[in-house]
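Worksheet: the structure to be examined is printed underneath.
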Amino acid sequence: MPEIQANGIKLFYETSGEGTPVVFVHEFAGDHRSWEDQVRFFGRRYKTVVYNARGFPPSEVPEEVSGYSQDLATGDLAGLILALDLAPAHVVGLSMGGFASLHLALRHPELARSCVVAGCGYGSVMSERERFQRETREVARRFLDEGLEKFGETYTTGPTRVQLERKDPAAFARFQRHFVERSALGSANTMRGLQSARPSVYELEEAMKKCRVPTLILTGDEDEPCLEPGLFMKRTIPTSALVTFPNAGHLINLEEPAMFNRVVLDFITEVDAGRWPTRDPRSISASSLMQDDK
């Protein structure tokens, strides 16, 4: 079982293929197995790396909530890239992993060849933030009180995950099966220390304006908590593009693997060819018909 010490913690990882490295960072409800379709596809062309975040066995599970935060998650990703000598790597993250990917681009741009931020934004809309934090605390409590087998069925059929069940029942059953194999303590602590406490993407505005890492923002059009934050990131990061997946929820890499792989491959190809643009300032205007008066 390959393990590496990164950022002071033991992380489980797997690699496949050869070439320019692509690191995949999983969401809260997944683990390294969530990227199987992507590893098979990208492993033919690139060196793919998947890993389990702290709190997700066989990676280490800190027992205290203080062992989990956005800073630590970002540091784990940076530490993994450095320890495996992958820099600069293409980094592809979904949800919790999307936040880590974004923060890596903002804090350690030298480590990121490019950044895919998928399904990112939960808890960011300020009018919904208090409710989101209250719900994350309730979810953490239920992980511990009810256990993964019982509460997992409720959590995995949330409003932005039922789309996978409709499109691909077998993939959804596999997603649920993998979910209950995790650590209840690690899940609860991740909810409390990371998900509930991380900053909103709106709080990152000034840093995002300065970001020059090529960035691709992906979201499902039924992933309501990510739609507004996705538009905000597109409008704020000068080197970003936004792709919306039709009739899709949160698990876009599982719901639409062919589209996901194609869009990410096209993005990475343009980046590696040196053709990914910075937004033309002339495209930013209060008028929809003319340039602003200078």
What are the ³J(HN,Hα) couplings of the stretch 111-122, residue after residue, when phi is run through the Karplus curve with 6.51, -1.76, 1.60 and θ = phi - 60°? Round to Hz, x for glycine and proline. 8, 10, 6, 7, 9, 9, 10, 10, x, 10, x, 4
Ordering GLU165, GLU153, GLU146 by how much accessible area each has at a 1.4 Å probe, largest first, what is the list? GLU153, GLU165, GLU146
How much of the accessible area of the chain, probe 1.4 Å, is carbon plus sulfur, in whole percent? 49 percent
For the residue pair ARG166 and GLU110, what label-to-label distance in nm results when each label sits 7 Å from Cα along the Cα-to-beta-carbon direction? 4.7 nm
Quick one: angle between helix 224-236 and the longest Cα principal axis of the chain, in degrees between 0 and 90, rounded to 10, please. 40 degrees
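Any chance you could run the full-extension gain for ARG275 through MET126? It's 0.36 nm times the residue separation minus the Cα-Cα distance, nm to one decimal.
Contour length minus Cα-Cα distance gives 50.1 nm.
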Just from its helices, what would the mean residue ellipticity at 222 nm be for the chain, if runs of 4 or more DSSP H residues each count -39500 (n - 2.57) and the sum is divided by every residue, rounded to the nearest 500 deg cm²/dmol? -12500 deg cm²/dmol
For an R0 of 35 angstrom, estimate the FRET efficiency from the Cβ-Cβ distance between LEU227 and ARG141 and round to the nearest 0.05. 0.80
If packing is taken as the mean number of other Cβ atoms within 10 Å per residue, what is the order of 189-196, 253-260, highest first? 189-196, 253-260
With axes computed from alpha carbons, what is the tilt in degrees of helix 257-272 against the longest principal axis of the chain, rounded to the nearest 10 within 0 to 90? 50 degrees
Sorted by mean Cβ packing within 10 Å, highest first, what order do the peptides 2-8, 89-95 take? 89-95, 2-8
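In debye, nearest 20: dipole of the stretch 1-108 around its Cα centre with unit charges on the Cβ of K, R (+) and D, E (-)?
On the way: 8 positive and 13 negative charges, 82 e Å.
Its charge dipole is roughly 400 debye.
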Report, to the nearest 10°, how far helix 169-179 tilts away from the longest principal axis of the Cα atoms in the chain, using its own Cα long axis and a range of 0 to 90°. 70 degrees
Give the accessible area for TYR202 in Å² (nearest 10); use a 1.4 Å probe, count only protein heavy atoms, and leave out ligands, DNA and RNA. 60 Å²
Label-reachable residues, the stretch 1-30, where backbone N falls under 14 Å from a point 7 Å from ASP85's Cα toward its Cβ: 19, 21
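Can you compute the FRET efficiency between ARG235 and ARG134 using 1/(1 + (r/R0)^6), with r the Cβ-Cβ distance and R0 = 45 Å? Round to the nearest 0.05. Please report the intermediate quantities before stating the final value.
On the way: r = 29 Å, r/R0 = 0.64.
For ARG235 and ARG134, the calculated efficiency is 0.95.
Counting only DSSP beta bridges with both residues in the stretch 1-102, what percent are antiparallel, rounded to the nearest 5?
Numbers: 8 of 16 bridges.
Roughly 50 percent of the beta bridges in the stretch 1-102 run antiparallel, per DSSP.
Around GLU64, under 14 Å between beta carbons, what's the net of Lys plus Arg minus Asp minus Glu among the other residues?
On the way: positive: ARG54, ARG192; negative: GLU60, GLU63.
In short, 0.
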Two-site FRET efficiency, LYS150 against ASP266, from Cβ-Cβ distance with R₀ of 51 Å, rounded to 0.05: 0.75
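The values are calculated or read from the model by the stated rules, or taken from the named source; none is laboratory data. Values in this document were obtained by computation on a predicted structure and should not be read as measured data. A quick note on method: Cβ atoms are made from the backbone with ideal geometry, for glycine too, and the neighbour counts reach across all protein chains shown. The area values use the complete protein model at the heavy-atom level, side chains included, leaving out ligands, DNA and RNA. Shrake-Rupley method; radii C 1.70, N 1.55, O 1.52, S 1.80 Å.
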